[in-house]
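Colleague: The following block contains the structure, expressed as C-alpha cells.
The values are calculated or read from the model by the stated rules, or taken from the named source; none is laboratory data. Given the structure is predicted, the values throughout are model-derived calculations rather than measurements. Here the Cβ is made from the backbone with ideal geometry for all residues, glycine too, and neighbour counts use every protein chain on show.
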Amino acid sequence: MLRFVVILALVVVSASAVFAQAAPAFATRTATTIQTPAVRAATAEVVAIGKITALESGEVEVPQFANSANKLTFRIAVVKIEDDLAGAAGQTHLKVGFPTTGAAARVGMPAFDWKENAVGLFLVSKHHTGSFYVGTNNGQPIDAAAEGYKNSLVQVKRARAVIADPIQGLKGKEVKDRYFAAAILVQKYRTSTAGQTNKTEGVPTEESKLILSAVADADWENPEKDVPTPYQTFTRLGLTAVDKWQPAPFNGNGNQQVHTRDEFKKWLEGDGVKYQVKRYTAK
C-alpha cells in the first residue's frame, strides 16, 4: 500500500511538471487564482469585439519564450475589429494566434470555435515575437453567443474605464466600486510581461493611497466575484519587511484573512502611511 501511495505521488508530481512546462509562457504572467473577463481586461493590450474573416493556411512555430529552444505551434486567425474597446489604435484587423500544441492548446482555456465568421470579445496582447496577438493570460475569446456574454462585456468595459481614469474609479461612491477599481489597477500594475525586461516604479502618491485604502476597506469576508478577493489583491502588492510590513503572527483563532486585513490597516496608519504601490514597466 505504501509503495502504491509513493508511486501515485510521483505520478502526480510528474504530471504537474509536464503541464507546467506545457503551459504557454507567451502570455502575461500573473499569480491571481481567477481569470475573469475583468481580470484579463486589466492587462490586455487590445480589447475589441471582432469577427474572424479568415484562417491563414499552415501553422506558425515560435519559441515558447524569448531565447527558448522549446517551440509552440499556432494557427493564425484574421480578426476584423467591429468595436474597438481599448488599444487597437486605428487598426481595422488583428492577427490572433491560437496554440495547437498539445496541452498548451487546452490548459486553462474555455472553449471557443476558431472558424470563419465567429464573433467574440478578444482580449489580446502581442506575442513576444511581435508578429501576432495572443489571448491575455492564456485565455480565448469570449463567444458572442455564449451564455453570460453580455455580463462579461459589462465587466470588461467597467475594467477598461478604470484603466482609462484610475482616480475617478478609486473615488467611486460605493465601497465595492472603489475596491473593484483597486483590484483592477493592482492586477495591471503588479503583472510583469513575459518576453521583456521589467523594472518597478512607484505609482503616484494620491493614487497609491486610494488603492491601499480601497483594499483595506473592502469586504474581505464576502468578496466580489468578478475580481480577485481583497486578500489576493493585498498579497499581490508584494509587501515585505523592506516596506516595514511586519504583521503580528496569526494565533490560530478566528479568520486569518481578517487578521491580515486588520494588520494591514494598522500598517497603513503607521509605517505604510507614505507607501507607494510598485508597478512593473519595461526597462
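Colleague: Go through the range 201-236 and give me each residue that's in contact with a strand residue (DSSP E or B) (Cβ under 8 Å, 6 or more places away or on another chain) and either surrounded by 15 or more Cβ atoms within 10 Å (Cβ to Cβ) or outside the structural domain of residue 270 (by TED's automatic domain parsing) (or both).
Modeller: The first filter runs over the range 201-236 and keeps only residues in contact with a strand residue (DSSP E or B) (Cβ under 8 Å, 6 or more places away or on another chain), leaving 201-203, 208.
The answer is 203, 208.
Colleague: Here is a follow-up. Check 271, 226, 219 and return the single one that is of a type in the set (Asp, Glu), touching a Lys or Arg at 6+ places or on another chain (Cβ under 9 Å) and at pLDDT below 95. Spell out the reasoning first.
Modeller: Details: 271 fails: at pLDDT below 95; 219 fails: at pLDDT below 95.
It is 226.
Colleague: Does residue 178 satisfy being in a helix (DSSP H, G or I), surrounded by fewer than 21 Cβ atoms within 10 Å (Cβ to Cβ) and either out of contact with any Phe, Trp or Tyr (no Cβ under 8 Å at 6 or more places or on another chain) or charged (D, E, K, R) (or both)? Spell out the reasoning first.
Modeller: Details: in a helix (DSSP H, G or I): yes; surrounded by fewer than 21 Cβ atoms within 10 Å (Cβ to Cβ): no; either out of contact with any Phe, Trp or Tyr (no Cβ under 8 Å at 6 or more places or on another chain) or charged (D, E, K, R) (or both): yes.
Against the criterion (in a helix (DSSP H, G or I), surrounded by fewer than 21 Cβ atoms within 10 Å (Cβ to Cβ) and either out of contact with any Phe, Trp or Tyr (no Cβ under 8 Å at 6 or more places or on another chain) or charged (D, E, K, R) (or both)), residue 178 does not qualify.
Colleague: Being assigned to a loop (DSSP other than H, G, I, E, B) and either more than 20 Å from the chain's Cα centre (by Cα) or modelled with pLDDT of 95 or more (or both) is the filter here, so list the residues in the range 130-154 that pass it. Please lay out each step first, then the result.
Modeller: Filtering the range 130-154 for residues assigned to a loop (DSSP other than H, G, I, E, B) gives 130-132, 139-141, 144-148.
Correct list: 131, 132, 141, 144, 145, 146, 147.
Colleague: Filtering the range 33-55 down to residues that are out of contact with any strand residue (DSSP E or B) (no Cβ under 8 Å at 6 or more places or on another chain) and not in a loop (DSSP other than H, G, I, E, B), which residue is nearest to residue 235 (Cα to Cα)?
Modeller: From the range 33-55, those out of contact with any strand residue (DSSP E or B) (no Cβ under 8 Å at 6 or more places or on another chain) are 33-36, 38-39, 42; that's our starting set.
Still in the list and also not in a loop (DSSP other than H, G, I, E, B): 38-39, 42.
Values: 38: 19, 39: 16, 42: 17 Å.
Here the answer is 39.
Colleague: Take residue 188 and tell me if it is over 18 Å from the mean Cα position of the chain (by Cα) and assigned to a helix (DSSP H, G or I).
Modeller: On the way: over 18 Å from the mean Cα position of the chain (by Cα): no; assigned to a helix (DSSP H, G or I): yes.
The answer is no for residue 188.
Colleague: Please enumerate the residues belonging to the range 236-259 that are without any contact (Cβ under 8 Å) to a residue 40 or more places away in the chain and not in a loop (DSSP other than H, G, I, E, B). Explain how you work it out, then say what you get.
Modeller: To start, the set of residues in the range 236-259 that are without any contact (Cβ under 8 Å) to a residue 40 or more places away in the chain comprises 239-259.
The answer is 241, 242, 243, 256, 257, 258, 259.
Colleague: Here's another thing I want to ask about it. Are there any pairs with C-beta distances below 9 angstrom linking a residue in the range 52-80 that is within 20 Å of residue 143 (Cα to Cα) to a residue that is of a type in the set (S, T, N, Q) and at pLDDT 95 or above, with the two at least 6 apart or on different chains, and if so which?
Modeller: Partner pairs satisfying both residue conditions: 52/117; 53/117; 77/53; 78/53; 79/53; 80/53; 80/92.
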